[in-house]
């Protein structure tokens with residue numbers, strides 16, 4: 001739902017600019033803006049899909065999240081769009097998640 005609302009917000013701004021200028025090529029700005037707004041979240045989603053595809057890795061990550069509620073809270077915040085996904089894409093988060 002959040003993605004749909006954010007996409008609509010971006011589209012409205014780009015459409016307004018294009019209509020005011022009369023330049024429909026300005027509509028390509030929507031693709032760029034939407035890509036920038038969703039890139040990190042989609043990267044994290046793909047990473048989670050890869051983890052889930054490997055049951056042993058998924059179980060290890062789940063055990064780690066059970067021991068580190070701060071990391072679990074961060075992932076929930078990202079899923080709910082309250083925390084930027086880029087916070088989980090850095091080396092520090094991955095390191096904290098994978099180290100025993």
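The values are calculated or read from the model by the stated rules, or taken from the named source; none is laboratory data. Everything numeric here is computed off the predicted structure, so don't read it as measured data. Here the Cβ is made from the backbone with ideal geometry for all residues, glycine too, and neighbour counts use every protein chain on show.
Could you list all residues from region 76-100 that are more than 21 Å from residue 5 (Cα to Cα) and under 10 Å from the mean Cα position of the chain (by Cα)?
87, 88, 89, listed by residue number.
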| query | Mind checking which residues of region 19-31 are within 19 Å of the chain's Cα centre (by Cα) and surrounded by 13 or more Cβ atoms within 10 Å (Cβ to Cβ)? | reply | 30
| task | Quickly run through region 1-25 and pick out the residues that are part of a helix (DSSP H, G or I) and at pLDDT below 85. | result | 2, 3, 24, 25
| request: Would you please list the contacts, defined by Cβ atoms under 6 Å and residues six or more apart or on different chains, that run from a residue in region 77-89 that is farther than 10 Å from residue 44 by Cβ to a residue that is at pLDDT below 85 and surrounded by fewer than 15 Cβ atoms within 10 Å (Cβ to Cβ)? | output: 81/2
